[in-house]
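None of the figures in this text is laboratory data; all of them are computed from the coordinates on show. All values reported here derive from a predicted model rather than from experimental measurement. Because the Cβ atoms are built from the backbone with ideal geometry, glycine has one as well, and the counts that use them run over all protein chains shown.
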Amino acid sequence: MNILLLCHDLTTLLRLDSAWTTAGATVLKKTSTDTPDCIVIDLGRGDALSEIARLRALHPAVDIITCAATFDGDAVEAAKAAGATDFAARSSIDLRIKRRLKLAG
């Protein structure tokens, strides 16, 4: 599994890189040319909606999971309109991705 992680501090804060690597996934760099199996993007990014739309156009069949520190219904709806497929709280994004990708762990 390849995961493109576009979250400004989640890798460090939640140790997602090592957690997902242990579960059998590879976290891709933004500049990677590999096709991701899943994309995770933080809605706190200033360019989140445009990045979701761009990534949806590039990868029409890939799950795009958004996350945020707090739930904002309008932001989640805007993300879905831009092409996101799911939302999870930042504190539980690792569990959501593991379930969605059916990773062990």
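Things to note:
- The charge dipole of the range 25-105, taken about its Cα centre with unit charges on the Cβ atoms of Lys, Arg (+1), Asp and Glu (-1) only, comes to about 280 debye.
- Charge sum, other residues only, whose C-beta stays under 14 Å from F71's C-beta, Lys/Arg counted +1 and Asp/Glu -1: -2
- Cα shape, the range 52-105, gyration tensor, a/c 1.5 rule: oblate
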